[in-house]
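For reference, the structure discussed in these notes is given below.
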Amino acid sequence: MIFQYSPFFLPLVLSAILTGVLAYYGWRYRTNPVSAPFTLLMTAVTLWTGGYAFELICVDLPVNLFLNTIEYIGIVTVPVAWLLLVLCYTGRTQYITRRNLALLSVVPVLVVLLVATNSYHYLYYSAIIPQTISGSVIWVFVRGPLFWLHVTYSYLLLLIALILLASRYSGAPAIYRRQIIILGIAAIIPVLVNILYVTSMNPVPGLDLTPFTFTCVGVILAIGLFRFQLFFMLPVAYPQIFSAISDGIIVTDTKDRILDLNPAARGLAGDPGSELIGSPLTGSFPQLSRFIAGNECITEDHLEVMIPRDGTPRFYDVVCQQLRVPGQSPTGNLFIIRDVTERHMALVVLDTAHKKLNLLSIVTRHDMMNKFTGLLVYADLAKIQSDPEKITLYLQKIDEIARMIQKEIAFTHDYQEMGVKSPVWQDLSMCIADAKSQVDIGGIVVTDACAGLEIYADPLFVKVLINLLDNAVRHGGIRLTTIRFSYEKNDDSLVVTCSDDGNGINESEKTRLFTQGFGKNTGLGLFLVREILLITDVTIRENGVPGTGARFEITVPPCAFRFSGRM
């Protein structure tokens with residue numbers, strides 16, 4: 001192996017060291033999505049520059065051919081790594097798949113094989129000629145027909161990358177524009193110099209100046225990394241954001257034709273296909289016709305509309321905004337559609353609860369006034385009575401009325417909490433377990449076949465279950481051994497059943513079962529049960545057979561039940 005002095009060796013080695021340091025820097029921050037392609041790019045550039053540096057100081061042709069082959073591994077990797085870097089930087093990582101990586105590697109692998117076996121076919125280099133430059137011998141590789149395959153492919157990848165990079169420039173914030181300019185300059189400088197070399201317009205014939213430009217590229221990228229946070233502050237991929245937003249977004253033109261819509265809006269239309277683009281807005285979204293008149297938004301305020309989804313009514317807050325360039329006529333409309341079903345239901349529930357509380361206040365006040373009147377009457381009678389037995393009887397009546405008033409006051413405490421808080425989704429099995437822990441059921445077995453079922457109800461829903469269990473224990477009799485909770489679908493609704501094997505309820509009592517004041521205890525328990533359930537339009541009835549057990553059926557509307565998957 002014969003070595004020679006070359007004035008170009010030291011600049012190339014310094015360039016290789018600089019790009020090698022950048023490759024190491026990229027590897028240190030490999031959690032960054034751009035780190036992997038950046039590290040690959042800098043490693044390939046280092047291999048290219050270092051290989052060419054040693055190629056210039058080595059005179060032996062066999063060694064030069066070996067170094068050239070090693071160098072070509074870096075040369076063919078540079079355009080591929082550059083494209084991958086731009087794809088990551090612009091937020092198009094979905095295109096970086098194993099299949100696409102394999103396809104991108106076909107031509108580079110073929111080129112390296114052609115270079116390594118060139119002495120057998122001379123299709124990549126047609127000849128290798130020694131030439132003296134600045135007192136040093138340089139082997140000049142004369143390009144063969146297959147050389148242009150590599151050149152065309154490499155320039156095509158670089159061009160695609162530059163186009164993708166430029167597409168992010170328009171509309172980007174200033175910091176990202178500076179980053180894009182830095183990346184563009186870092187790519188264009190070596191490409192222009194390489195074009196001069198490939199087209200034989202090189203100022204130093206026979207010497208490839210491309211590796212020398214990597215020193216400049218390294219300095220530019222270093223400035224970008226440390227001055228403009230290159231690769232640490234990536235531009236936002238707006239198409240991904242548009243697709244990821246959970247609110248429905250629809251863009252229309254001035255003729256109310258759909259120009260674009262995100263997946264959330266497609267779901268509202270019940271059609272995931274692309275044929276919605278170009279179709280009339282009112283055809284797929286007739287509920288939005290109230291927002292437009294004369295192809296313009298008639299209001300930019302929030303309006304609520306009902307759009308059925310999967311057979312269930314859903315409520316949406318819609319805003320229509322005109323799209324216009326300052327000083328010009330509108331170019332279209334933007335619709336933002338947000339699901340507010342739960343908020344709508346909560347407001348309806350709160351309104352219903354307030355009405356019920358007002359009604360309860362009137363009924364309770366009237367009832368308690370009657371009881372106080374009776375209490376005062378018995379008190380007056382006791383005052384004028386001299387018979388001890390009658391006085392005792394009147395005092396017993398006063399005690400009974402006072403206890404009834406006490407129970408009504410205790411009941412109003414529970415009732416006043418009803419509807420104060422918004423309804424929430426509640427796991428039925430957890431509520432059943434909570435209710436069991438608050439009722440003395442003795443040796444009675446309680447079975448639960450409602451795993452995974454959630455009910456949308458007032459936070460006092462557990463009191464419904466407590467009252468049902470307490471009612472069964474109090475009135476089931478000695479034959480009561482089991483209380484069962486289960487459910488079954490009934491068309492679009494769901495029926496939750498609480499049944500037992502006790503005495504059951506007489507037919508004559510069923511019509512008055514849920515009215516206020518009926519019952520042997522307080523007369524308020526099942527009334528409270530009905531009122532709590534009605535907050536979310538859930539109804540209850542007793543459908544058991546007297547003598548075989550009670551059976552309470554709770555009918556839940558379609559929008560008030562769901563399955564969590566926890567079976």
- Query: Of the residues that make up segment 84-93, is at least one modelled with pLDDT of 90 or more, open to solvent by 40 Å² or more (accessible area, probe 1.4 Å) and out of contact with any Gly (no Cβ under 8 Å at 6 or more places or on another chain)?
  - Reply: no
- Item | Scan of segment 68-99 for residues that are closer than 22 Å to T31 by Cα, outside any loop (DSSP other than H, G, I, E, B) and of a type outside the set (V, I, T), ordered by number | A81, W82, L83, L84, L85, L87, C88, Y89, Q94, Y95, R98
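Based on this model, can you work out whether V107 counts as open to solvent by less than 60 Å² (accessible area, probe 1.4 Å), of a type in the set (A, V, I, L, M, F, W, C) and over 25 Å from Y25 (Cα atoms)?
On the way: open to solvent by less than 60 Å² (accessible area, probe 1.4 Å): yes; of a type in the set (A, V, I, L, M, F, W, C): yes; over 25 Å from Y25 (Cα atoms): yes.
Yes.
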- Note on the structure: The one condition L41 fails out of (1) at pLDDT 90 or above; (2) hydrophobic (A, V, I, L, M, F, W, C); (3) not in a helix (DSSP H, G or I) is (3)
- Task: Hey, can you tell me all the residues within segment 261-272 that are in contact with a Phe, Trp or Tyr (Cβ under 8 Å, 6 or more places away or on another chain) and exposed (fewer than 15 other Cβ atoms within 10 Å of the Cβ)?
- Result: none
- Task: Please give the number of the condition Y5 fails out of (1) part of a helix (DSSP H, G or I); (2) over 15 Å from L225 (Cα atoms); (3) of a type in the set (F, W, Y).
- Result: (1)
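Considering only segment 425-515, give the helices (runs of 4 or more DSSP H) lying wholly within it that have at least 2 residues that are open to solvent by less than 20 Å² (accessible area, probe 1.4 Å), of a type outside the set (D, E, K, R) and farther than 23 Å from T352 by Cβ. Reasoning before the result, please.
Details: elements: 428-436, 461-475, 507-510.
Correct list: 428-436, 461-475.
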- Could you please tell me which pairs satisfy a Cβ distance under 7 Å, a separation of 6+ or placement on different chains, a first residue in segment 442-466 that is among the β-branched types (V, I, T), and a second residue that is open to solvent by 40 Å² or more (accessible area, probe 1.4 Å) and modelled with pLDDT under 90? I444/V473; V446/K436; V462/D434; I466/Q438
- Message: For I337, only one of the following conditions fails: (1) modelled with pLDDT of 85 or more; (2) in a helix (DSSP H, G or I); (3) in contact with a Leu (Cβ under 8 Å, 6 or more places away or on another chain). What is its number?
- Response: (2)
- Search result, residues across segment 42-83 that are among the β-branched types (V, I, T) and crowded, with 20+ Cβ neighbours inside 10 Å: T43, V45, T46, T49, I75, V76, T77, V78, V80
- Here is a list of conditions, (1) at negative phi; (2) modelled with pLDDT of 90 or more, and E509 meets all of them except one; can you say which number that is? (2)
- In segment 137-166, what count of residues is obtained for those that are among the small types (G, A, S) and open to solvent by 60 Å² or more (accessible area, probe 1.4 Å)? 1
- Could you tell me whether segment 153-169 includes any residue that is touching a residue at least 40 places away in the same chain (Cβ under 8 Å), farther than 13 Å from P79 by Cα and of a type in the set (F, W, Y)? no
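Sort out which residues of segment 114-129 are open to solvent by 50 Å² or more (accessible area, probe 1.4 Å), in contact (Cβ under 8 Å) with a residue 40 or more places away in the chain and of a type outside the set (S, T, Y), and write them in order of number. Full working, then the answer.
Of segment 114-129, the ones open to solvent by 50 Å² or more (accessible area, probe 1.4 Å) are 116-117, 119-123, 126, 129.
After this cut, where a residue has to be in contact (Cβ under 8 Å) with a residue 40 or more places away in the chain as well, the list is 116, 119.
Across segment 114-129, the qualifying residue is only A116.
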- Message: So, restricting to helices (runs of 4 or more DSSP H) that lie completely within segment 116-232, which ones have at least 3 residues that are under 30 Å from T93 (Cβ atoms)?
- Response: 147-167, 174-198, 210-227
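Quick one: which of A166, A127, A116 is of a type in the set (A, V, I, L, M, F, W, C) and within 39 Å of the chain's Cα centre (by Cα)?
Details: A127 fails: within 39 Å of the chain's Cα centre (by Cα); A116 fails: within 39 Å of the chain's Cα centre (by Cα).
Result: A166 is the single residue among A166, A127, A116 that is of a type in the set (A, V, I, L, M, F, W, C) and within 39 Å of the chain's Cα centre (by Cα).
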- Message: Step by step: first the residues of segment 167-220, then only those that are open to solvent by 60 Å² or more (accessible area, probe 1.4 Å) and charged (D, E, K, R), then the one that is nearest to A53 (Cα to Cα). Which residue is that?
- Response: R178
- Item | Residues of segment 353-388 classified as open to solvent by 60 Å² or more (accessible area, probe 1.4 Å), closer than 24 Å to I535 by Cα and at pLDDT below 70, total | 6
- Message: Just to check your reading of the model, which residue among A53, A16, A23 is assigned to a helix (DSSP H, G or I) and modelled with pLDDT under 90?
- Response: A23
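So if I check each of R143, R178, which one is within 30 Å of I57 (Cβ to Cβ), out of contact with any Asp or Glu (no Cβ under 7 Å at 6 or more places or on another chain) and of a type in the set (K, R)? Full working, then the answer.
Numbers: R178 fails: within 30 Å of I57 (Cβ to Cβ).
Matching residue, one of R143, R178: R143.
The values are calculated or read from the model by the stated rules, or taken from the named source; none is laboratory data. Bear in mind the structure is a predicted one, so any value in this text is a computation, not a measurement. Counting neighbours? That spans all protein chains shown, and the Cβs are built from the backbone with ideal geometry, glycine included. Calculation scope for accessible area: heavy atoms of the full protein, side chains included, ligands and nucleic acids excluded. Shrake-Rupley method; radii C 1.70, N 1.55, O 1.52, S 1.80 Å.
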